[in-house]
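The values are calculated or read from the model by the stated rules, or taken from the named source; none is laboratory data. Keep in mind that what you see is a predicted model, and the values were worked out from it rather than measured. Here Cβ is always computed from backbone atoms with ideal geometry, including for glycine, and neighbour counts include all displayed protein chains. We work out accessible area using only protein heavy atoms, side chains counted, and drop any ligands, DNA or RNA first. Shrake-Rupley method; radii C 1.70, N 1.55, O 1.52, S 1.80 Å.
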Amino acid sequence: MEKGKLRWIYLVILSLIWGSSFILMKRALLGLSPIQVGALRTLFTAIFLIIIGGKKIFKIKRKHWYYLTLNGFVGTFFPAFLFAFAIDKIDSSIASILNSLTPLNTLIFGALVFGFSFRKRQLIGVLIGLIGTLMLILKGAEVNPNQDYFYASFILIASIGYALNVNILKKYLYDLDALSITVANFVLLIIPTLIVLWFTNFFETFELNQSTKSGMFYLAILAVFGTGLAKIMFNRLIQISTPIFSSSVTYLIPIVAITWGILDGERITLFQVVSGAIIMFGVYLVNKTK
């Protein structure tokens, strides 16, 4: 299949998988703490990836490991904890909407730090998408006034990490296949994850009961599909497209996440639906060919 069509297929599948990840995190947090969700998600994913592609790490060249380490921390390790803490305090649908800031950060950091060029139309599209995102945020704050929006800043920080991740992959790891990048990222994160669990007394205080079993179940689904398989697909998407196109998946994620939120009892208004349509128009402008 030609790359032009394949990248759109990846974009749609990733939006469905990652759009569902927020509700899975929300369910996991009913039985686990944010620290446990962030750490165990990373650890479960690492085990899964070692099983399906552990041999890949032996083919990686020395020059790649610095960028793989940097990429793993800013694009996976820190965001896993930031999202867990944020979704523990605000609706999962709102968290997914805030994540839509990633394309804007990708464009900014790509131009300022990594030397990537962009067209005027792309900037306009990103800004239109951002306007739609801000409209959704403001309405979300109005509908849910009791939520602690300080934790919304955690999603902003995570989106910057994702933006750096995309640009690092595109500029420095373009010659590695997607599975090798993903496996290496998570292998590098095993020790830091175990250190986090150790210093938070997880191994001494954790109790396996009905609540934690349920949380672990949702977390296992999240780790395999929402992190492991999705990361492989996303790394491949970056390689066959542009950083801006790849990060545009964060514009589609809220549509899926909001749908799950409604089914889970979260409130949504017509104004938010219109805002979602504005976001979609922004995606169209960002990716429209001449």
(request) Sticking to Cα atoms, compute the Rg of the range 156-289 to one decimal and its Dmax as the biggest Cα-Cα distance, whole number, in Å. (result) 18.4, 56
(request) Write down the accessible area per residue of the range 5-75 in Å², having rolled a 1.4 Å probe over the full set of protein chains. (result) 49 Å²
(request) Just the number, please: carbon plus sulfur as a percent of the accessible area of the chain, 1.4 Å probe, no ligands or DNA/RNA counted. (result) 68 percent
(message) Going by Cα centres, the range 197-232 and the range 1-58 are how many Å apart?
(response) 13 Å
(request) Output ³J(HN,Hα) for the range 27-40: one whole-Hz value per residue in order, computed from phi by the Karplus curve 6.51 cos²θ - 1.76 cosθ + 1.60 with θ = phi - 60°, and x for Gly and Pro. (result) 5, 5, 6, 6, x, 10, 7, x, 4, 5, 5, x, 6, 5
(message) Counting only helical runs of four or more DSSP H residues, what would the 222 nm mean residue ellipticity of the chain come to if each run contributes -39,500 (n - 2.57) and the total is spread over all its residues?
(response) -24500 deg cm²/dmol
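Tally Lys/Arg at +1 and Asp/Glu at -1 over every other residue whose Cβ is under 11 Å from the Cβ of S246; what's the total?
+3
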(message) If the only charges are +1 at each Lys and Arg Cβ and -1 at each Asp and Glu Cβ, what is the size of the charge dipole of the chain around the Cα centre, to the nearest 20 debye?
(response) 1320 debye
(message) Give me log10 I(q)/I(0) at q = 0.07, 0.11 Å⁻¹ for the chain, Debye formula, one equal scatterer per alpha-carbon, no solvent.
(response) -0.24, -0.61
(message) On a full-extension model of 0.36 nm per residue, what is the gain between T269 and V12, subtracting their alpha-carbon distance, rounded to one decimal in nm?
(response) 90.1 nm
(message) Highest mean first, how do 217-224, 200-207, 253-260 rank when packing is the count of other Cβ atoms within 10 Å averaged over residues?
(response) 253-260, 217-224, 200-207
(request) Over the range 3-287, calculate the relative contact order: mean separation of alpha carbon pairs under 8 Å at least 6 apart, over the residue count, as a percent. (result) 41 percent
(message) Spelling out what I want: for every residue of the range 256-263, take phi, set θ = phi - 60°, compute 6.51 cos²θ - 1.76 cosθ + 1.60 (Karplus), and round to whole Hz; glycine and proline get x.
(response) 5, 5, 5, 4, 5, x, 4, 4
(message) Need one value: the accessible area of D175 in square angstrom, 1.4 angstrom probe, rounded to the nearest 10.
(response) 80 Å²
